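Working notes, beginning with the structure itself.
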C-alpha cells in the first residue's frame with residue numbers, strides 16, 4: 001500500500017487527512033482496532049494530459065461492525081479519484097486522493113434483526129455519509145464533515161474543477 005503514494009501525496013477521506021505514508025499507518029492502526037473495511041473496486045477510468053493523469057472509479061466500502069449486540073455492515077458508495085504523473089505503471093504512485101461520497105446504508109448482518117439509532121445522534125452528520133460518520137465516531141474517529149458528496153453538488157464541482165485544472 002505504501003508504494004501507491006508519492007512521498008508528497010495528500011489523502012483526504014472521512015476519517016483521515018494527511019500524507020500517504022500516514023494514511024497507510026492509520027489504516028494499519030484501524031485494522032488493529034478491528035475496523036476492517038473491505039473495498040469493492042469497479043473498472044477505473046484514466047484521463048491523460050501530458051505528464052499528468054486523473055483516475056476515477058466507483059467503489060463500495062463495507063465495514064462490518066457490532067453495536068448494542070447487533071451485527072451490522074456499514075456500506076458506502078463512493079467515487080474515488082486519484083491524481084498523479086502519467087506514464088507510470090498500474091502500480092504507480094498517487095499524488096492526491098479524495099473520494100466523493102454518494103450514499104451510505106447500515107444493514108443488519110442477520111435477517112430479522114433490526115438496527116435502532118436515535119435520530120438525534122445522526123443530526124450533526126452529512127446525509128451523503130451520515131451512517132459511516134456515526135459508525136466511525138462511535139469508534140473514536142473524528143469525521144471530516146466537509147468532503148465532496150452528492151448532498152453538496154457544488155463540492156463535487158469544486159473538486160473536479162481543481163483536479164482537471166491541475167491536470168491541464
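Only the coordinates and a few stated rules stand behind these numbers; no lab work does. This is a predicted model, so every value here is computed, not measured. Methodologically, a virtual Cβ is constructed for each residue, glycine included, from the backbone with ideal geometry; neighbour enumeration extends over all protein chains shown.
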Normalising by the residue count of the range 34-168, find the relative contact order in percent from Cα pairs under 8 Å and 6+ residues apart. 20
How much mean residue ellipticity at 222 nm does the chain get from its helices, if each DSSP H run of length 4 or more adds -39500 (n - 2.57) and you divide by all residues, to the nearest 500 deg cm²/dmol? -7000 deg cm²/dmol
Please arrange 82, 125 by how many other C-beta atoms lie within 10 Å of their C-beta, fewest to most. 125, 82
Binning at 10 angstrom from zero up to the longest distance, how are the C-alpha pair distances of the range 110-160 distributed in percent? 22, 43, 27, 8, 1
Between helix 20-32 and the chain, what is the angle of the helix's C-alpha long axis to the longest principal axis, kept within 0 to 90° and rounded to the nearest 10? 20
Considering the convex hull of the alpha carbon atoms of the chain, report its projected area averaged over all viewing directions, in nm², one decimal. 10.2
Counting DSSP beta bridges with both ends in the range 2-152, the antiparallel % (nearest 5): 90
Which of 136, 41 comes first, and how do the rest follow, when ranked by fewest Cβ neighbours within 10 Å? 41, 136
Going by C-beta contacts inside 10 Å, put 120, 39 in order with the fewest on the left. 120, 39
With angles folded into 0 to 90 degrees, how steeply does helix 153-167 sit against the dominant principal axis of the chain? Use alpha carbons for both and round to 10. 30
